[in-house]
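The values are calculated or read from the model by the stated rules, or taken from the named source; none is laboratory data. All values derive from a computational prediction rather than experimental measurement. Quick reminder, even Gly has a Cβ in these numbers, built from the backbone with ideal geometry, and neighbours come from all protein chains shown.
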Amino acid sequence: MNNNNRSQNRFLVNFKFQLKYAAIVASISSVVFGILGYKFYLSELGKQKLLQIQNPDVMALVQGQDHVTLYYLIGFFVLQILSIVFFGIMLTHRIAGPIFRVQKDLETAIETGEIPVIRPVRKNDEFKGFFDALHTFIEKFAKK
């Protein structure tokens, strides 16, 4: 019973599945962000060349702003990756969590020889129809 409660509190119940899809989404968005960020930074550098600033103090100020822009881009990139991985794991948990729970219930049923009780899925979990049908199926055949 303690092991079952512990598994309910984990968000990485199917490590390979969850991280694979979070990494795919993070990779695609990173490529898009990288391309757009690079183009934006080049645009900022292009503005500097367009102005052809002769005053060294003003030139240093503009270059400092370009570096600040680069730091902001890097910061937002890191924030984007972390948030995408976090939300990717949270969203895939809505799929992997119920499947993990049913798999453990079925493995226990195989070991004990007793028909498992499939509990209903949580409010935000996916595939509710499937798990409701599985629950009904098991209840129907448990009565026979």
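Computed quantities for the displayed model
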| quantity | calculated |
| --- | --- |
| Qualifying positions in the stretch 41-67 - loosely packed, with under 10 Cβ neighbours inside 10 Å and either in contact with an Asp or Glu (Cβ under 7 Å, 6 or more places away or on another chain) or of a type in the set (Val, Ile, Thr) (or both) | none |
| Selection from the stretch 64-88 of residues that are among the β-branched types (Val, Ile, Thr), free of Cβ contacts under 8 Å to residues at least 12 places away in the same chain and within 30 Å of PHE15 (Cβ to Cβ) | ILE74, VAL78 |
| Residue match in the stretch 20-31 (condition: over 30 Å from VAL121 (Cβ atoms), without any contact (Cβ under 8 Å) to a residue 60 or more places away in the chain and surrounded by 12 or more Cβ atoms within 10 Å (Cβ to Cβ)) | yes |
| Selected residue (criterion: surrounded by the most Cβ atoms within 10 Å (Cβ to Cβ)) from residues of the stretch 93-118 that are among the charged types (D, E, K, R) and under 21 Å from GLN18 (Cβ atoms) | ARG101 |
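Conditions (1) within 30 Å of GLU139 (Cα to Cα); (2) modelled with pLDDT of 85 or more; (3) under 26 Å from the mean Cα position of the chain (by Cα); (4) β-branched (Val, Ile, Thr), marked per residue:
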{"position": "ILE53", "(1), (2), (3), (4)": "no, no, no, yes"}
{"position": "GLY75", "(1), (2), (3), (4)": "no, yes, yes, no"}
{"position": "MET90", "(1), (2), (3), (4)": "no, yes, yes, no"}
{"position": "PHE100", "(1), (2), (3), (4)": "yes, yes, yes, no"}
{"position": "GLU107", "(1), (2), (3), (4)": "yes, yes, no, no"}
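Residues are listed down the side, and each one gets a yes or a no for (1) of a type in the set (A, V, I, L, M); (2) under 30 Å from SER27 (Cβ atoms); (3) touching a residue at least 40 places away in the same chain (Cβ under 8 Å):
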| site | (1), (2), (3) |
| --- | --- |
| GLY46 | no, yes, no |
| VAL62 | yes, no, no |
| MET90 | yes, yes, yes |
| ILE99 | yes, yes, yes |
| GLU126 | no, yes, no |
